[in-house]
Amino acid sequence: MELSEFVQKGFQLLADPGSFDSSAFALLLRAAFRSLLDAPADQAVLDHPDLKHIDPVVLKHCHAAAATYILEAGKQRADKSTLSIGRSLPHIIDVSWRLEYQIKSSQLHKMYRPAYLVTLNIEVFIHVQNTDSQSHPEIRFSCNMEQLQDLLGKLKDASKSLERATQL
């Protein structure tokens, strides 16, 4: 199935977890089906409260891309084995950090408070038919020493748990 550049770009936007979390992703696909199946469907299909945080232009583009894909699949009489739309969980591909040391507050009070600014570079894959696309958003946060140590401890626990699970 040939998909236009517009449809492919719509699915790339849909793959961005910064715009569409898993709930919004599912809602948008349901809205695309609903708008095609309900004759009186209008803008209301995109008025769900969980979609309000998404830029309306991006939302409409992704909705049009999903609806186009659904129609194209129907036109080609695609069955469940040939039709697939999916998104994988984000994968961390890189981490960067820096230490910020705040000496004074905006009211000129002495603070002497260190903070770590952490950036997680992630990769998200979306699969549509036989086409894979990916996006590379960033997650940024700051934390103090205790919060960073807590995060590292939890990541080490998760790593040990994963090792144990793979050895079974």
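Structural remarks
- Count of segment 5-36 residues which are open to solvent by less than 60 Å² (accessible area, probe 1.4 Å) and not aliphatic (A, V, I, L, M): 9
- Of all residues in segment 51-66, those satisfying the criterion of being within 11 Å of GLY10 (Cβ to Cβ) and surrounded by 15 or more Cβ atoms within 10 Å (Cβ to Cβ) are VAL58, LEU59, HIS61, CYS62, HIS63, ALA64, ALA65, ALA66.
- Test: SER88 is modelled with pLDDT of 80 or more, in contact with a strand residue (DSSP E or B) (Cβ under 9 Å, 6 or more places away or on another chain) and open to solvent by 40 Å² or more (accessible area, probe 1.4 Å): no
- Single residue of segment 105-128 satisfying the filter (open to solvent by less than 30 Å² (accessible area, probe 1.4 Å) and within 30 Å of LEU71 (Cα to Cα)) that is modelled with the lowest pLDDT: VAL128
- Among the residues of segment 156-168, those identified as of a type outside the set (Asp, Glu), open to solvent by 100 Å² or more (accessible area, probe 1.4 Å) and in a helix (DSSP H, G or I) are LYS156, LYS160, LEU162, ARG164, THR166, GLN167.
The values are calculated or read from the model by the stated rules, or taken from the named source; none is laboratory data. Only a predicted model underlies this, so the values are computations on that prediction, with no experimental measurement involved. Note that we place each Cβ from the backbone using ideal geometry, even for glycine, and neighbour counts take in every protein chain shown. Just so you know, the surface numbers come from the protein's heavy atoms only, side chains and all, with ligands and any DNA or RNA stripped out. Shrake-Rupley method; radii C 1.70, N 1.55, O 1.52, S 1.80 Å.
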